[in-house]
Amino acid sequence: MDTPEGFTYLSETICLSHIIDPVIAELVANEANQRACSYCERTGAPDEDMFAVSMDFVGRLVFEAATWLYHDGYDEFFHEGWPEQYDTDYVVGEVANGAFEATFCDEVVSHISEAISTPYAWVDSRLHEDFLFSWDSFAQTVKYQSRFVYIGARERPDRGNEPPARVSQFLDGLAAYVQEDMLTSIPAGEMLYRARMSEDGFAFLHEARKDPAMHLGPAPAGKAAAGRLNPEGVGLYYGATTVDVAVKETALHSPYDDAVVGGFIVRRPLVILDFTKQPALPSIFDRSKRHEFLFAKFANDFEERLTQSVRLTGAERIEYVVTQIIGEYFRWAPEKKLDGIAWKSHLLLAGEQGKNILVWASAEDVRSDPPPEEEDPASFAKWERTLPRPTPTLTLSHRNVSVYRARRLVEVSGPHYSGDDDPAPMFMDPWL
């Protein structure tokens, strides 16, 4: 490995066993050429296998990662004001945190810092701007150029700038979220809630109890309106984990006060990608996963853009394409099969619990229990014996349908504009 500019030399050695970051460990596995460690002071016999590696090699890996996450603050200091600056110890500590055994990490960081001659002061590399650019570029591409995706786009470098390749490259970054610490399991028997607003909740309740799943479940195929995470014609189950969230999110976009709420029983265990959790960062030392690192580092920004309001002027058919493609990716692409997505509700007050949830369940996957009376039980039983009906994902009993009343509070803030200023546009967003 060539010595990077700004890095001098390290004479220390370190046991391979002290390196716990799997990417660094793999990179240095074949570089072990020492039988002594400067940290645990282990010394091996002349005929013993090499077990330690030069810190000069390790230090350069850390320095390279540091110069990606941060960079020289000289230009910003003189030309762009006074951005927050960091010293070398802080930067190396941030990059090396968790990469080495805790017992020796401080000493390792100190040695690497001493070997770095420049920069003297560091600033953030503005990865946030890179993330926003990635999102904006993806959005512009899928809205106005192409929604087709190359399979194996990385293996086609000669066509890497074509719209389908750019879409594929963005979607690759979403893999950062599909990991165990972002998943929530909903066991069979749990209840999810879905609400519909009505001018007369009790009249709707009476009608809905005849076939509650038909009235309160997803729209049938071909009749579903386009939503945040579903294309037009594809009906999916949008709900919530609590009654409060279901009613608040639905009442926000309705002039009515009566909310008819169905408590749907989960009939099989569901694996949900939960954006109320924070993803673990991929190893910063894996250059091939830097795009995933970028997505994971700005998970809050990603969720905010995934759930941001869209103006209902007809333009939502185009605007929703961005999040619909992301929804389709999470539904079909991950190796680990997912059943839906959860995200926070911005309408809850302090101390209130609950979140929004989308389950990839169509009208055929959501049934009334028991079936509606007009369905011939004998015919149904015969049909089920000859062609077993799939187990439903969710069921709704008329006993779990109730009416709630929404009460709205009005808060005043401002003024936000005055005089000849143009008023801010009004945004609304359907929650289906």
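Details
- Scanning the range 138-155 for residues that are in a helix (DSSP H, G or I), under 16 Å from H291 (Cβ atoms) and at pLDDT 65 or above turns up F138, T141.
- Residue among L216, L236 that is in contact with a Ser or Thr (Cβ under 8 Å, 6 or more places away or on another chain), over 22 Å from Q353 (Cα atoms) and modelled with pLDDT of 90 or more: L236
- Residue within the range 126-133 that is modelled with pLDDT under 90, under 20 Å from N300 (Cβ atoms) and outside any helix (DSSP H, G or I) present: yes
- Scanning the range 45-75 for residues that are surrounded by 15 or more Cβ atoms within 10 Å (Cβ to Cβ) and over 21 Å from E94 (Cα atoms) yields F51, A52, V53, S54.
- Spans of strands (runs of 3 or more DSSP E) in the range 296-391 with at least 2 residues of a type in the set (V, I, T), within 28 Å of K223 (Cα to Cα) and modelled with pLDDT of 75 or more: 355-359
The values are calculated or read from the model by the stated rules, or taken from the named source; none is laboratory data. These numbers come from a predicted model, not from an experiment. When we count neighbours, we look across all protein chains shown, and the Cβ atoms used for this are built from the backbone with ideal geometry, even at glycine.
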